[in-house]
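The values are calculated or read from the model by the stated rules, or taken from the named source; none is laboratory data. Note that the structure is predicted; figures quoted are calculated from it, not measured. Reconstructed Cβ throughout: ideal geometry from the backbone, glycine too, with neighbour counts over all protein chains shown. Surface accessibility is based on the protein's heavy atoms, side chains included, excluding ligands, DNA and RNA. Shrake-Rupley method; radii C 1.70, N 1.55, O 1.52, S 1.80 Å.
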Amino acid sequence: MKRIFTVVLAFAFIFKASASNVDLFSYDLSEINTELSDLEVVENIIAQNQNSTIDEINRKIINNNLLNSSFDTNYKSSLMVRNAFTSDDMDWGAFAWGFCCWPVGLFVVATNNDKEQSQKKSYWIGCGSAIALDVIALVVALVLDYNYYY
Amino acid sequence: MKFLRLTLFSVIFLSPLLYIGQKVFSRIESEITIKEIDSTSRITTGKMYYDKNLASMYYSIKFPNREVLIYTDSMVYRLIDDKVVENYKSTTGLKFNIFNLVLNSQMEYYGLNSSSYELVKTKNNQDQIITTWEPKFKNKKYRSGKIIMSQKNKLIFGLVSFHPDGSIISKQFFEDYTNIDGLMIPSKITQIAFINDKPEYKITTYKNIKINNFDDQKNYSSEFYFSD
């Protein structure tokens, strides 16, 4: 009896494992049907207006009454979207230009077309950090001065 | 002596014949449409050109903005009116780009067999062959999870990427394969990313795929212009 139970349990486990792997490779788009059909309408408008300007296409999309939901035409191409700036993206050289010598860094980093976006952000973070430190130092100096004279 | 002559003759004159009929694919282009649905709905349309010898992928985007995006192994550039307006380091490169995999005949295993992943399990499941891939090296800073891949009729069908903690990061489905000059290319890729527990959908479709188009040089050159 114990053996039969073990075999049944083993089969149940195998069946569950195989079922879960097949489930892994299935998907259901039913919950986004409305959005998908709207995007198909937009796709058709774009295809039918190949020679129109972006503004004209946007106007046709917004004025189209076939859309079920509102469509925001002001967005960046998904191919250019990147993750948010993190500490891993920090370029410490560019940061140092901003922190120690921002006027030179303005030409070396900020207005240099060969520099990447992350380097430019690092430069501005450097500038911001220097300004923040300057403000703190100024406040501390003013407070100390005030205490000294009064 | 006769045998030696025959061998020499075979090597010199017959071996080049082996290469005749074996096509070399270096270029691919396609119309591309990307539909994305998360908290908002977005659509991107345009054309893609890739020459594996130049190691650059050009996207001539028509909507939502007229612009050119250039992907190289290390950088991504955004051009408007032939001027670079934005650039940043590429995190993914072109190695696992679908068209790079297609041209290099690496689609069968999605390039995983020549990557830092190793095959650890293979299983037949109904009409699918399911393989599990795990990272060869454990990196403390950049940890990767396993990848489970499904193949149908020797063509990749699904790819599920896992976080090291075992949760699913994304699912990709490769469908509607078309045979173009002997290359099997999926014309629809559905990607479902699970970020903050809410699925984000991305459906990419490819139309009018052309292989080895050497007539249209300007779209593959470094001086890229908007194509009509």
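Please verify whether residue A:123 is open to solvent by less than 40 Å² (accessible area, probe 1.4 Å) and assigned to a loop (DSSP other than H, G, I, E, B), treating the condition exactly as stated. Walk me through it before giving the result.
Working: open to solvent by less than 40 Å² (accessible area, probe 1.4 Å): yes; assigned to a loop (DSSP other than H, G, I, E, B): no.
Here the answer is no, as residue A:123 does not meet what is asked.
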* Structure fact -> If you go through B:7, B:40, B:44, the only one that is surrounded by 10 or more Cβ atoms within 10 Å (Cβ to Cβ), of a type in the set (S, T, N, Q), modelled with pLDDT of 60 or more and over 26 Å from residue B:98 (Cβ atoms) is B:7
* To do: For residue A:95, state whether it is more than 9 Å from every other protein chain (Cβ to nearest Cβ), touching a helix residue (DSSP H, G or I) at 6+ places or on another chain (Cβ under 6 Å) and modelled with pLDDT of 80 or more.
  => yes
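Can you tell me which of B:172, B:106 is modelled with pLDDT under 90, over 30 Å from residue A:120 (Cβ atoms) and not charged (D, E, K, R)? Even if it seems obvious, please write down each step before you answer.
Details: B:172 fails: modelled with pLDDT under 90.
Result: B:106 is the single residue among B:172, B:106 that is modelled with pLDDT under 90, over 30 Å from residue A:120 (Cβ atoms) and not charged (D, E, K, R).
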* Asked: Which of the residues that make up segment B:210-228 are in contact with a Leu (Cβ under 9 Å, 6 or more places away or on another chain) and either at pLDDT 90 or above or open to solvent by 70 Å² or more (accessible area, probe 1.4 Å) (or both)?
  -> B:211, B:222
* Asked: Got a sec? Which of B:53, B:97 is under 21 Å from the mean Cα position of the chain (by Cα) and more than 22 Å from residue B:193 (Cα to Cα)?
  -> B:53
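Mind checking whether some residue in segment B:141-150 is surrounded by 13 or more Cβ atoms within 10 Å (Cβ to Cβ) and closer than 29 Å to residue A:40 by Cα? Write out each step before concluding.
Filtering segment B:141-150 for residues surrounded by 13 or more Cβ atoms within 10 Å (Cβ to Cβ) gives B:144-150.
If we keep only those that are closer than 29 Å to residue A:40 by Cα as well, we get B:150.
So far as segment B:141-150 goes, yes, one or more of its residues are surrounded by 13 or more Cβ atoms within 10 Å (Cβ to Cβ) and closer than 29 Å to residue A:40 by Cα.
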* State whether the residues of segment B:198-209 include one that is under 26 Å from residue B:115 (Cα atoms), charged (D, E, K, R) and surrounded by 15 or more Cβ atoms within 10 Å (Cβ to Cβ). => yes
* **Residue count for segment B:80-98, restricted to those that are open to solvent by less than 100 Å² (accessible area, probe 1.4 Å) and closer than 12 Å to residue A:113 by Cα** => 5
* Are any residues in segment A:50-74 at the interface with chain B (Cβ under 10 Å from one of its Cβ atoms), open to solvent by less than 30 Å² (accessible area, probe 1.4 Å) and at pLDDT 80 or above, and if so, which ones? -> A:57, A:58, A:61
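Filter segment B:181-195 for residues that are assigned to a strand (DSSP E or B), open to solvent by 30 Å² or more (accessible area, probe 1.4 Å) and within 30 Å of residue B:210 (Cα to Cα) and give the result.
B:184, B:188, B:191
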* What about residue B:70, is it modelled with pLDDT of 85 or more, in a strand (DSSP E or B) and surrounded by fewer than 20 Cβ atoms within 10 Å (Cβ to Cβ)? -> yes
* Structure fact -> Filtering segment B:89-140 down to residues that are of a type in the set (Gly, Ala, Ser) and part of a helix (DSSP H, G or I) yields B:114
* Structure fact -> Reported set for segment B:141-183 where residues are under 23 Å from residue B:99 (Cα atoms) and small (Gly, Ala, Ser) is B:150, B:158, B:161, B:170, B:182
* Asked: Does segment A:15-36 include one or more residues that are touching a Leu at 6+ places or on another chain (Cβ under 6 Å) and modelled with pLDDT of 80 or more?
  -> no
